[in-house]
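Quick notes on the structure that follows.
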Amino acid sequence: MSIEVSASKSNSDFESLLSDLDIDYEAVGFRTNFNRIKNVAAIDEATSGDLTFCSSNDERGLNDISKSNAGVILCDSTVGTSISPKSQQLFILVDNPRLTFMHLANRMFGSRIRRKSAISRLSYISSSSQIGENCSVGNYSVIDEGCVIGKNTIIGHRVSIQHSIIGANCIIQSGASIGENGFAYERNDVLELERFPHFGKVIIGNNVEISTNCSIARGSLKDTVIEDGTKLDALVHVAHNVKIAKNCSLTAGTVIGGSTIVGDTSWLGLNSTLKHKIRLGKKVIVGSGASVINDVPDEDIVAGVPAESIKHKVTSGQLFLMAGQKVKSTNYVENKKNLLHY
């Protein structure tokens, strides 16, 4: 089923959009389809009026493309040598089909369905907190005393925010808990557990997205920090005093122990675990289910339990792109048909 959307720019400007976005491309097939796009759709459900994409150029990807009835398909730049479009179908060959699709869809049909800025009367907002312009707060959410929320930030239903400063243009999905005390205890002489006091805050930068049911603990003696542009998938736990740098991607189920530092543009796989007090460098990739117990240098790839470097085994440019790295492996071009899929 295609997604019905209202275009924000005339479809006749489709080709000019590619130029406006400074996207290098090659058009193969029925160019009139530039003007026929009305909707977007998944590749296996698309029809002649739909725009879709396929990032893969392996056997599975080529099969998906060959079976698709989409009017326009954004394809990997090498696909044109492997398969031809159907009659009255257009391939647009680009280096990164998924990213190109995102840019085109956002420009043509709006970046997202925007909520009206409104604060639910069923939410609680302390009189000592500060809420920026054009913010939205859902039902049964709590923004406790002294919190600061930047402009254009969207807060979902049943969100709890304490001891926190949150930047502009953020999205906090339903069920998230931000700013509760972390898990820190010390045993006394009779081996009872006594709680370590927490005095810190949670500091969240601009353009951060926190998905449903995430938990982010406040700092104990210093702040827990999530910098600009970082995205957290559902069920991520960030312990006290953690620092996550800019533009990181934490997929569902990630757990980060206290006082850990994650460098810029890192990618953490599903259900990965980072032990407390370790350091991840910039552009690090952590495999799904990995248990990281040691520091990881810049641009490394680790996987396994305990996690070890596997970068020397990786020939997939797709993996490098996940963390925003340029492809460095000469084997990548030779093995492009064997890309790993994520």
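Throughout, read-outs are computed from the coordinates displayed, never taken from laboratory work. Computed from a prediction, not measured in an experiment: that's the story for all the values here. Positions of Cβ are backbone-derived with ideal geometry, glycine not excepted, and every protein chain shown enters the neighbour counts.
Other residues with beta-carbon under 12 Å from the beta-carbon of Ile92 carry, at +1 per Lys or Arg and -1 per Asp or Glu, a net charge of -4.
Sequence-ordered 3J(HN,Hα) estimates for the range 195-201 from the Karplus curve with 6.51, -1.76 and 1.60 and θ = phi - 60° stand at 6, 6, x, 10, 10, x, 10 Hz, glycine and proline given as x.
Just one of (1) 66, 37, 36; (2) 63, 45, 35; (3) 79, 52, 29 is Cα extents along the principal axes in Å calculated from these coordinates, so which is it? Step by step, Cα extents along the principal axes in Å for this structure corresponds to label (3).
Across the range 96-104, coupling constants 3J(HN,Hα) worked out from phi with the 6.51/-1.76/1.60 Karplus curve, θ = phi - 60°, read 9, x, 5, 5, 4, 4, 4, 5, 5 Hz, and Gly and Pro carry x. For the options Arg187, Arg121, Arg107, a Gaussian network treatment of the chain with springs between C-alpha atoms closer than 10 Å singles out Arg187 as fluctuating the most. Given bins 5 angstrom wide, list per bin the percent of all Cα-Cα distances in the range 11-109, short to long. Reading upward from the zero bin: 3, 15, 29, 30, 17, 6, 1. Over the chain, DSSP H runs of length four or greater, each weighted -39,500 (n - 2.57), average out per residue to a 222 nm ellipticity of -3000 deg cm²/dmol. Using +1 at the Cβ of each Lys and Arg and -1 at the Cβ of each Asp and Glu in the range 124-322, identify which of Pro297, Asn207, Ser272 lies farthest towards the dipole's positive end. Farthest towards the positive end: Pro297. Charges were assigned to the Cβ only: +1 to each Lys and Arg, -1 to each Asp and Glu. The resulting dipole of the range 124-322 about its Cα centre is roughly 280 debye.
Karplus-based coupling profile of the range 277-294, in residue order and whole Hz: 6, 9, 10, 9, x, 7, 6, 8, 10, 10, x, 4, x, 6, 10, 8, 10, 10, with θ = phi - 60° in 6.51 cos²θ - 1.76 cosθ + 1.60 and x standing for Gly or Pro. Volume of the convex hull of the range 124-322 (Cα atoms only), normalised per residue: 113 Å³.
Set against the 2.2 N^0.38 Å expectation for a compact globular protein, the range 51-163 has a Cα radius of gyration ratio of 1.68. Each part reduced to its alpha carbon centroid, the range 200-220 and the range 250-314 end up 19 Å apart. When the Gaussian network model of the chain links Cα atoms closer than 10 Å, the mean-square fluctuations of His103, His157, His237 top out at His103. Cross-link pairs exceeding 26 Å between alpha carbons, from the set Lys275/Lys311; Lys283/Lys313; Lys243/Lys283; Lys38/Lys283; Lys243/Lys313: Lys38/Lys283; Lys243/Lys313.
A crude spin-label estimate for the pair Asp189 and Lys151, with each label 7 Å from Cα along the Cβ direction, gives 5.9 nm.
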